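The values are calculated or read from the model by the stated rules, or taken from the named source; none is laboratory data. What you see is a predicted model; the values in this text were computed from it and never measured. Here the Cβ is made from the backbone with ideal geometry for all residues, glycine too, and neighbour counts use every protein chain on show. These accessible areas exclude ligands, DNA and RNA; they are computed on the full protein's heavy atoms, side chains included. Shrake-Rupley method; radii C 1.70, N 1.55, O 1.52, S 1.80 Å.
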Amino acid sequence: AEALCELALTWYESRGNQLQALRVKRTRMLGRMKRGLSARATLDALLLLEEEARAVGADAERGAILLLISQSHWRLGDPTAAQRVAAEALQIAETVGDPLSIADACIRAAITIQFEEPARARTLFRRALEISTAIGENVRRVRCFVNLGVLELYENNWDAARSAFGSGVDEARAAGLTELWALGSLNLGV
């Protein structure tokens, strides 16, 4: 995947297409993250990528990069930075107006506040669920159900947690989303 990203990156850069080049760089970072790049190295690389997106005025791409930066701060144990960056990403997504970006930003923002502000996190997860339902996006729908289940579990709302996990499992199974099906099933078992 990284080799293909390098080929695509070379092609887009040779044509001066900065936006597509940024998207490929973000995709390459996702691959590196999946391969186990350390959280610190990931954050450093993403911060440089965010600066590049800011310099070329690619707001939508910058918002997507900020979501990964927030996730990296979370992995590094800095919830305050994760919250701040997720809130900025949500603001950008709302300004740009792309429903998928808004749903992703709502999910990330909710994850970062779920322990301190569970009611607000619940509202954000439900907003993402509504958006995902309206556009028929199954992956985000299932993620919303699983995240709502986790939130309800922490809040000791056992029936609500069971219901959310059950919905996530049913939808993931029906859509053939094996990884999310397993994640929902594991949490439902808890």
Practice problem: Filter segment 154-173 for residues that are open to solvent by 40 Å² or more (accessible area, probe 1.4 Å), free of Cβ contacts under 8 Å to residues at least 40 places away in the same chain and not small (Gly, Ala, Ser) and give the result. | Solution: Glu155, Asn156, Asn157, Trp158, Asp159, Arg162, Asp170, Glu171, Arg173
Quiz item: Given the conditions (1) more than 29 Å from Arg126 (Cα to Cα); (2) open to solvent by 60 Å² or more (accessible area, probe 1.4 Å); (3) not aromatic (Phe, Trp, Tyr), which single one is not true for Ala53?
Solution: (2)
Self-check item: Residue, surrounded by the fewest Cβ atoms within 10 Å (Cβ to Cβ), within segment 1-30, restricted to residues that are more than 17 Å from Arg62 (Cα to Cα) and of a type in the set (A, V, I, L, M, F, W, C)
Solution: Ala3
Quiz item: Consider Thr133 against the criteria (1) touching a residue at least 12 places away in the same chain (Cβ under 8 Å); (2) part of a helix (DSSP H, G or I): it satisfies all of them except one. Which criterion is unmet?
Solution: (1)
Quiz item: On the given criteria, is Leu43 without any contact (Cβ under 8 Å) to a residue 40 or more places away in the chain and either open to solvent by 70 Å² or more (accessible area, probe 1.4 Å) or in contact with a strand residue (DSSP E or B) (Cβ under 9 Å, 6 or more places away or on another chain) (or both)?
Solution: no
Quiz item: If you go through segment 12-40 one residue at a time, how many are under 19 Å from the mean Cα position of the chain (by Cα) and either part of a helix (DSSP H, G or I) or aromatic (Phe, Trp, Tyr) (or both)?
Solution: 15
Quiz item: What number of residues in segment 84-119 are without any contact (Cβ under 8 Å) to a residue 40 or more places away in the chain and either open to solvent by 40 Å² or more (accessible area, probe 1.4 Å) or hydroxyl-bearing (Ser, Thr, Tyr) (or both)?
Solution: 14
Self-check item: Residue that is surrounded by the fewest Cβ atoms within 10 Å (Cβ to Cβ), among those in segment 56-80 that are assigned to a helix (DSSP H, G or I) and of a type in the set (Asp, Glu)
Solution: Asp59
Practice problem: Return yes or no: is Phe145 aromatic (Phe, Trp, Tyr) and farther than 20 Å from Ser70 by Cα? | Solution: yes
